[in-house]
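Note sheet for the following structure.
The values are calculated or read from the model by the stated rules, or taken from the named source; none is laboratory data. Keep in mind it's a predicted model, so treat the numbers as computed, not measured. A quick note on method: Cβ atoms are made from the backbone with ideal geometry, for glycine too, and the neighbour counts reach across all protein chains shown. With ligands, DNA and RNA removed, areas are computed over all heavy atoms of the protein, side chains included. Shrake-Rupley method; radii C 1.70, N 1.55, O 1.52, S 1.80 Å.
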Amino acid sequence: MMNRRELSKVVKRDSMRKFMSCILWASLFCCCCWTTQAEVYTSISQMTDLIYTEKELVKSLRDYIKAEEAKLASVKSWANKLDSLTKVSTSDPEGYLAHPVNAYKLMKRLNTEWSELETLVLQNPSDGFVSNMSTHRQFFPDEEDETGAAKALMRLQDTYQLDSEAFSRGKLPGMHSHALLTVDDCFDMGKTAYNDADYYHAVLWMQQSLKQLDAGEEAVVTKAEILDYLSYSVYQMGDLPRAIELTRRLVAIDSSHQRAGGNLRYFERILSTQMDERKDDIKPASEEPIGLGTYKRPKDHLPEREAYEALCRGEGLQMNDARRSRLFCRYHDGQRNPRLLLMPMKEEDEWDSPHIVRYLDVLSLEEIDKIKVLAKPRLARATVRDPKTGVLTTANYRVSKSAWLEGEDDPVIARVNQRIEDITGLTVDTAELLQVANYGVGGQYEPHYDFSRRPFDSNLKVDGNRLATFLNYKDEPDAFKRLGTGNRVATFLNYMTDVEAGGATVFPDFGAAIYPRKGTAVFWYNLFKSGEGDYRTRHAACPVLVGSKWVSNKWIHERGQEFRRPCGLTEVD
C-alpha cells in the first residue's frame, strides 16, 4: 500500500494533468470563438461576450481546482488519521485488539470506511492505489464480520450490565481508554440491532447516538434519521407514550416525513383505543433517559441465562466458608508416575463436588508460544455438534476460532499429550486431538455439556442429592459413535493467557466460576464411574470483555480407561 507521500504525488500528478487539459481546451475554445466572431463582429462591444466567456471558464477552472484541493485535503486527512491509528495498533496488535471497541472499529473501518476512501480516490482514478486496494480487499472483513463485531459488543453489554455510554466512552471495568464510539458508530450499532429485529438493543444504541448528537458532537447521521429508528423501536418495546413523544419530535424537525406522520397517527389511534378499553389514564411519556433498566430484556433460548451471566460478573457464587474449608492444595505425582516423582504437579481444589482441580505450571511460556504459532494458520470458526444429527456445524452461542493439533505436528504437542496422561492417569490414545481455541472480542461458549447425552431413567434415585438435575435437557444421539472410543469421560482445559476482564469458565448448576490463569489447567470428569453423564458439569465460557483468551483442551474418552478408572457400584459413583 502506498504511503501518504506517494499517495499525495499521485493525486497531484493527476490534478496537473487535468489542469493542463483544461487550459488547452480553454485556449482552443477561445481561438475558435475569436475566429468565428471576428468574421461576424468587428466592434469591441461584440467582443465583450468573449470576456465573460473567459471569466466563466476561469470560474469553472477555479471550481475544478477547489474540488481537487478538497479531495486532496480529504485524502490527506484520511492518511493522517490512519497513520496515527496504525502506529498505535501495530505497536501491540494483540493488546490493541484486546479492547472490544478497538476490535469493532477495526471491523467497521475495513468494511465500510476504506470502501468510502476507495470511492473517493476512484473519482480521479489512481491505478496504483486501486490495484493495491483490490489486492488486499480479499482479506478485508465483510458485512457479516462487521455485524458480528457489533453483536459482540451488545453481548458484552448484556452479560456485564454495561450501559451504552460506558462503551461509547471506553469505560470498561478496571480500565479507561481513548477507544471511543462516535455518534455514527452508535447509530450503526443501533441499526445493526434494528435490522435483526432486536429492538431492545436498537433503543439503547439509538438513544446513545441521539444523546451524543444533542451534546454537540458532529456526525454524518441526522437527528431525524436517529429519531425515525428510535421511535419505532420504542413502539416495538411496547412504550406507546414515549414512541408518540419521539415521533412528534421527528415531525417537528421534518414535517414532510411521510412515515413519521403516518406512524404518529397510528400510534395515537392505538393509544386512544387502549385508554377507552382500560377506562383510565395512560401514564405520560417518561422524561427519564432510556437506559439499561428502562425496558426488560426479551427472553431467549437459554433457560439459565440470568444465572450464567451473573456468574460471569462474579455474582451468585456458591463457594461459602464451610465449602472452602474442604478445599486443599497438594503435590500430585500421578500415583508415583516416574515423570512426576522428581517434579510433582502443584494441585489445587477448585470445587469439592463435582471435584474440579487446577494444576499449576502445566505449560511453560515457550510451549504456549509454540502452540499458538502452530495453531494460528489453522484457526477457523469453532464448530459444535448438532444435537439432532450429530453433525459438526457453527453456532451463534459459540463464538471463537479453533484449530486441532496432533502429536505428529510437533514434539511440543506430543509432550503436552504425554503430560496430560501422566497427570490424569488416563490414556490419551483414544482422546481427541488437542483443540486450541482463541476467543476474541465478545468470544464465548454458552452453557453446554462436553459429553454426549444418552437416554436415562427419569425415576432414577440419586444418593445424597449429589446429582443436581437430570431434567430439562434433551437427549441427543451418540455423537461419538463413529469414533468408536465411547463418550467423553473427562475434560482437561489449559489456560494459555491471562484475561484482563471476563472470560471465566462457569458452572451455572452449582455456582462455580474458574478464572483463566496463564500456564494453569483445570480438570474434571464429565461422567460418573458408571458411565452416566454428570449433568452438574454443564458449563460455559463467559464472553471476553477485555483481552484475548487462548485455551487448549483435551477431551478424554472412555475406551482404554477400563483399568485406569474402574466402574462404580452405583449409577452416581
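General observations
- Among the residues of the range 534-569, those that are at pLDDT 95 or above and of a type in the set (Gly, Ala, Ser) comprise Ala540, Ala541, Ser552, Gly560.
- Residue count, the range 344-368 (criterion: loosely packed, with under 13 Cβ neighbours inside 10 Å and charged (D, E, K, R)): 2
- Taken together, Glu366, Glu306, Glu277, Glu348 contain a single residue that is out of contact with any Gly (no Cβ under 7 Å at 6 or more places or on another chain), within 27 Å of Thr537 (Cβ to Cβ) and assigned to a helix (DSSP H, G or I), which is Glu306.
- Positions within the range 517-551 being more than 21 Å from Lys401 (Cβ to Cβ), assigned to a strand (DSSP E or B) and aromatic (Phe, Trp, Tyr), in sequence order: Phe523, Trp524, Tyr525
- When the range 263-274 is filtered for residues that are free of Cβ contacts under 8 Å to residues at least 24 places away in the same chain and open to solvent by less than 70 Å² (accessible area, probe 1.4 Å), the ones remaining, listed by number, are Leu264, Ser272, Thr273.
- Exactly one residue among Phe456, Phe492 is buried (at least 16 other Cβ atoms within 10 Å of the Cβ) and either part of a loop (DSSP other than H, G, I, E, B) or at pLDDT 95 or above (or both), and that residue is Phe492.
- Arg559 being assigned to a loop (DSSP other than H, G, I, E, B) and of a type outside the set (Ser, Thr, Tyr): yes
- Tally of residues being free of Cβ contacts under 8 Å to residues at least 24 places away in the same chain and either part of a loop (DSSP other than H, G, I, E, B) or under 15 Å from Tyr104 (Cα atoms) (or both) across the range 172-195: 1
- Search result, residues across the range 78-92 that are in contact (Cβ under 8 Å) with a residue 60 or more places away in the chain and open to solvent by 70 Å² or more (accessible area, probe 1.4 Å): Asn80
- Residues located in the range 534-560, provided they are more than 24 Å from the chain's Cα centre (by Cα) and either surrounded by fewer than 23 Cβ atoms within 10 Å (Cβ to Cβ) or under 19 Å from Tyr308 (Cα atoms) (or both): Asp534, Tyr535, Arg536, Thr537, Trp555, Glu558, Arg559, Gly560
- Filter pass, Ser164 being modelled with pLDDT of 85 or more and small (Gly, Ala, Ser): yes
- Pairs with Cβ under 7 Å, 6+ apart, first in the range 223-242 and farther than 13 Å from Ile290 by Cα and polar (S, T, N, Q), second modelled with pLDDT of 95 or more and open to solvent by 30 Å² or more (accessible area, probe 1.4 Å): Gln236/Tyr199
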